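Chemist: Below is a structure I'd like to ask you about.
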Amino acid sequence: MNMSKGLKQVKQGSKSRRQFRSGNGLFFQHWLPPLDLTDTYPDHWKYLSEGGATLVFSYAGPQDERFHNKVLRLGKNNTVVEDEDSLILFQTEVISRLVLQKHLAVLETVLLSSSWLESLSSLCKKSRPDWRTGDIDTNRTKGFLATNLVSSPISVEIKPKWSFLRPGLRTCRFCMHSSCRGWITSYCPLDLFSSSPARIKNALYALYDAWADGAASQNNFRLFADGRLMSPDDLLPALRGLGMLHSSILEEEGIRELVVETLLVSFMKSESLELLKTLKNLQRTLDGLGIEGLASLWDNVHSLDKTSFGGGFPQPTIDDWKFFVTEYLEPQGSSVPPQALSGETQLRYNILSYLLSATFKDCSMMIMLPGLLHESLPTSLFPSRITLIDLDPKRVERLQKWLEQDRNIMQEYIVSSQTKSAKRCVDVGEL
Ligand SMILES: O=P(O)(O)O[C@@H]1[C@@H](OP(=O)(O)O)[C@H](OP(=O)(O)O)[C@H](O)[C@H](OP(=O)(O)O)[C@H]1OP(=O)(O)O
Ligand SMILES: Nc1ncnc2c1ncn2[C@@H]1O[C@H](COP(=O)(O)OP(=O)(O)OP(=O)(O)O)[C@@H](O)[C@H]1O
């Protein structure tokens, strides 16, 4: 029997339960060890993209159902990243209780070897942007495969960042941070999360424009055509080459309109608006005390031992996360509801809550599109899939970084507001 034919996989924790269709059409199941990627050649994996902590490759080898439409995500050697099994469990056991499954990629652990990773690392050197630091961590023995979310004709990646305005402030965290970094962008996440078509459109124009101006280190917008990451200069010739442009579109300006209009149709679909609403509510409600409030709570609890913020607090385990999410989702079911907790237990609840909020503040959305809008086609014929990626747990050591970062951002922003008027961001509040 051809085992790869009719193969389906069902994820459960880090184990892969593969389902095979037998001759009589019935499925049978079998527990299998993780796939060994050293069965493929490193040059079957083409550099696709990267973030601060990982590098991502898409499969470009001979036809193989196991890797078709998959990307390989590998940890870098310059950051502490959880092991792959924990990352996958975090998504399957924790995140999936907060975000609908249809908005999540399917993940699977794979086995790797140092020599294989070293070859891949040298093969991808030329494709990586100069400004990115870190290299593949060749000491890791595992990576993970994920659904390739740029396999559609056009795919767009948006990293929306913080969706809410802190009480008492006029400017949102992203706009303050951008101003401190000297970024030139009119993007405000509060527009994207507003549910208003006009404001969402403004946000999309702003994201596109910052990208088109070549602001390489601004990572809030990326565009992929035919599975390849596009630079602003590549886009027009690439779309023409792929036959994706109507002959009337001759100018960059025309593409800008078309990309934004197409994305707007996708964002105005009810499931996209629902996802934005979910993300905003998770970011905001999990943030609870804010980083300053959390640091004060820490100081109160540690007033005698004076342990520094986050010091000695163990990394939450999967069981800790599961327990936390149950308390967060079903506060009435807890013996003591979260708002009535005190001391160590209150601190613990709020630390996990803030860490989880940080995951949602830093994730990205992948929007898969069948192409760019065509005026002869009704927009209802425009299917799109929207998926969240980079939903890794944040580590406890980050607490101190976030406290210092927020203080710096606030301080610099206050100083700069003395010379120019502070930006006013509009939050529509709870959706
Ligand atoms: O601190 P921020 O808000 O700048 O976010 C960091 C991101 O910077 P950005 O603002 O998107 O340019 C940063 O993104 P880049 O590396 O700049 O693409 C990372 O996402 C970082 O998280 P991690 O190290 O991958 O766990 C992010 O760090 P965390 O804040 O999530 O710890
Ligand atoms: N499933 C996927 N399909 C296609 N591309 C992907 C997928 N997952 C990740 N990518 C690409 O790889 C990049 C890096 O992945 P990811 O955001 O998960 O890494 P990271 O290092 O944690 O990023 P950051 O530093 O932004 O937190 C993404 O920005 C995206 O362009």
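The values are calculated or read from the model by the stated rules, or taken from the named source; none is laboratory data. This structure is a prediction, so every number in the text was calculated from the model and none was measured. Neighbour counts are summed over all protein chains in view; Cβ atoms, including those assigned to glycine, are modelled from backbone coordinates with ideal geometry. Accessible surface is based on the protein model in full, side chains and every heavy atom, while ligands, DNA and RNA are left aside. Shrake-Rupley method; radii C 1.70, N 1.55, O 1.52, S 1.80 Å.
Chemist: Based solely on its DSSP helices, what 222 nm [θ] is calculated for the chain when runs of n ≥ 4 H residues each add -39,500 (n - 2.57) and the sum is averaged over all residues, nearest 500 deg cm²/dmol?
Modeler: For the chain, the value works out to -11500 deg cm²/dmol.
Chemist: List the GluC sites (Glu not before Pro) within the stretch 287-382 that DSSP assigns to loop and that have no more than 15 neighbouring Cβ atoms inside 10 Å.
Modeler: Answer by residue number: 375.
Chemist: What is the extension gain from residue 170 to residue 184, computed as 0.36 nm multiplied by their sequence separation minus the C-alpha to C-alpha distance, in nm to one decimal?
Modeler: Result: 3.1 nm gained on full extension.
Chemist: While we're looking at this one, here's another question. On each of the three principal axes of the Cα atoms of the stretch 29-148, give max minus min coordinate, whole Å, ordered largest first.
Modeler: Extents along the principal axes, in whole Å: 39, 31, 23.
Chemist: Label 7 Å along Cα→Cβ of residue 426; the stretch 136-172 residues with amide nitrogen under 20 Å?
Modeler: Only 162-172 fall inside the zone, counting backbone N under 20 Å.
Chemist: Next question, about the same structure. Would you mind computing, in nm to one decimal, how far apart the modelled labels at residue 217 and residue 123 are, each placed 7 Å from Cα along Cα→Cβ?
Modeler: Once both label points are built, they end up 3.1 nm from each other.
Chemist: What dipole magnitude, in Debye to the nearest 20, does the stretch 156-431 give about its Cα centre under +1 on Lys/Arg Cβ and -1 on Asp/Glu Cβ?
Modeler: Here the size comes out at about 460 debye.
Chemist: Right, here's the next one. Using a 1.4 Å probe, what is the accessible area per residue for the chain, in Å²? Walk me through the intermediate numbers first.
Modeler: On the way: 20330 Å² over 431 residues.
For the chain, the per-residue accessible area is 47 Å².
Chemist: Measuring from the lowest to the highest alpha carbon on each principal axis, how far does the stretch 219-312 reach, largest first, in angstroms?
Modeler: Its Cα atoms span 72, 29, 22 Å along the three principal axes.
Chemist: Find the Rg to Rh ratio for the stretch 350-403, where Rh is the Kirkwood radius over alpha-carbon pairs and Rg uses the same atoms.
Modeler: Rounded to two decimals, Rg/Rh equals 1.29.
Chemist: What is the spin-label model distance, in nm, from residue 400 to residue 330 if the labels are put 7 Å beyond Cα along the C-beta direction?
Modeler: The two pseudo-label positions are separated by 3.8 nm.
Chemist: Percentage of Cα-Cα pair distances in the stretch 270-369 greater than 17 Å, rounded to whole percent? Kindly include the intermediate steps, with their values, before the conclusion.
Modeler: On the way: 2856 of 4950 pairs.
Distances greater than 17 Å cover 58 percent of the Cα pairs.
Chemist: Describe numerically, in nm with one decimal, the distance between label points set 7 Å from Cα along Cα→Cβ at residue 139 and at residue 414.
Modeler: Here the answer is 4.2 nm between the modelled labels.
Chemist: Of all the accessible heavy-atom surface of the chain, with the other protein chains kept in place and a 1.4 Å probe, what percent is carbon and sulfur?
Modeler: Summing carbon and sulfur atoms, their accessible area is 52 percent of the total for the chain.
Chemist: Then there is this: Can you pull out the trypsin sites (Lys or Arg not before Pro) in the stretch 293-372 that DSSP calls coil and that have at most 14 other Cβ atoms within 10 Å?
Modeler: Taking the stretch 293-372 and a limit of 14 other Cβ atoms within 10 Å, the loop trypsin sites (Lys or Arg not before Pro) found are 306.
Chemist: Let me ask something else about it. Quick check: residue separation of residue 342 and residue 93 times 0.36 nm, minus the Cα distance between them. What number comes out in nm? Working shown, then result.
Modeler: Values: separation 249, 0.36 × 249 = 89.64 nm, distance 2.71 nm.
Taking 0.36 nm per residue and subtracting the Cα distance, the gain is 86.9 nm.
Chemist: Give me the number: length gained by fully extending residue 253 to residue 36, i.e. 0.36 nm times residue separation minus the C-alpha to C-alpha distance, one decimal in nm.
Modeler: Net length gain for the segment: 73.5 nm.
Chemist: Consider just the alpha-carbon atoms of the chain and return their Rg together with their Dmax, both in angstrom.
Modeler: Cα only, the chain: 22.7, 76 Å (Rg, Dmax).
Chemist: With both partners inside the chain, how many of the DSSP beta bridges are antiparallel, as a percent to the nearest 5?
Modeler: Rounded to the nearest five, the antiparallel share is 95 percent.
Chemist: Percent relative contact order of the stretch 29-148, based on C-alpha pairs within less than 8 angstrom and at least six residues apart?
Modeler: Computed value for the stretch 29-148: 35 percent relative contact order.
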